[in-house]
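Below: the structure, in structure tokens.
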Amino acid sequence: MTEMINLPDPEADWAPATSFQGGGGNPAWQCSMFQAATEPLISLALLSVDLDAVAWRLRLTIEESWDGHGAVRAAFFTLGGTDFVVTHHEGDPSGTCVWVRKSGSVDPAERMAVLLTALGVGAEAVSYSTWGIGTDRSQLPAAWRRGRSKPVESHQRFWENFRKRPGLYVGRITYDAVTAYLNGYDHAVGGAVLNGFRQWLADTYRVGQNLVWSAQVVQVVFPEGGRPAEPWSEDEHQRAVAGLFTLLEEFFQYLAARDDAPSPTD
């Protein structure tokens, strides 16, 4: 069973989410299940946070109903311009399912970042998501069992989003956080993103083949003195992350050029 993560208490000036906030206080505004249930929804993420803790933090009122999967507890609310629904079905593993309206083209990671910020937690609270964060499928509720075989976005789109806004995925941007997330994503997609990266680094930059790719990158980025002493400074983390992203771009360009090259029989 996934261990639940505790949330901070609501801020002192946050009124109940069912009250109009007037531009201040609680960032969430709640409408009733009857007002919002007619809109189609898509699954976004599963949080390792109890639904009651989410409701307490955002001062939501939990409503009870039922659907094709049994009794359900839910809250519909608007946050940062996105219509969210948080639910938990009776009999499902512990956690909170997060849904959003189908309308609009807002990036799912951006939507989730808004919710996590309001909850006062980081990406560690996401045990599974439909775009890449979290890979624990064992806790998926019955309501999510259909349509999970196809990825929501391509690896190319993931990389472009991650490179531009890594903080949306890892919270505080450190080299260890970025490499850990990339390793997790690559593992979840069967090595489709980083396969060959370690060998390419060894061949191109003459760094040790006995090292993992994250250590090889450090050797390339800090050739003058090797890996900086711990703890790293903010500048050292920024330099390492920037260097990693540059090397990955070079690697992807190498793969594209190799794939586009004519074969000897052409």
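The values are calculated or read from the model by the stated rules, or taken from the named source; none is laboratory data. What you are looking at is a predicted structure, and each value in this text was computed from that prediction instead of being measured. As a convention, Cβ positions derive from the backbone with ideal geometry for all residues, glycine included, and neighbour counts pool all protein chains shown.
Is segment 40-60 home to any residue that is modelled with pLDDT under 80 and either farther than 28 Å from Pro93 by Cβ or among the acidic types (Asp, Glu) (or both)?
No, because not a single residue in segment 40-60 is modelled with pLDDT under 80 and either farther than 28 Å from Pro93 by Cβ or among the acidic types (Asp, Glu) (or both).
So, in segment 45-102, exactly how many residues are outside any strand (DSSP E or B) and either at positive phi or not basic (Lys, Arg) (or both)?
Restricting attention to segment 45-102, the residues satisfying the condition of being outside any strand (DSSP E or B) are 48-62, 68-69, 80-81, 90-95, 102.
Subsequent filtering for residues that are either at positive phi or not basic (Lys, Arg) (or both) retains 48-56, 58-62, 68-69, 80-81, 90-95.
The qualifying residues number 24.
I need the full set of residues from segment 168-205 which are modelled with pLDDT under 85 and either in contact with a Gly (Cβ under 6 Å, 6 or more places away or on another chain) or within 18 Å of Asp107 (Cβ to Cβ) (or both), in order please.
Within segment 168-205, Leu168, Tyr169, Val170, Gly171, Tyr185 qualify.
Tell me which residues, restricted to segment 208-241, are of a type in the set (A, V, I, L, M) and either modelled with pLDDT of 90 or more or touching an Asp or Glu at 6+ places or on another chain (Cβ under 6 Å) (or both). Break it down stepwise before answering.
First, the residues of segment 208-241 that are of a type in the set (A, V, I, L, M): 211-212, 215, 217-218, 220-221, 229, 240-241.
Val212, Ala215, Val217, Val218, Val220, Val221, Ala240, Val241, listed by residue number.
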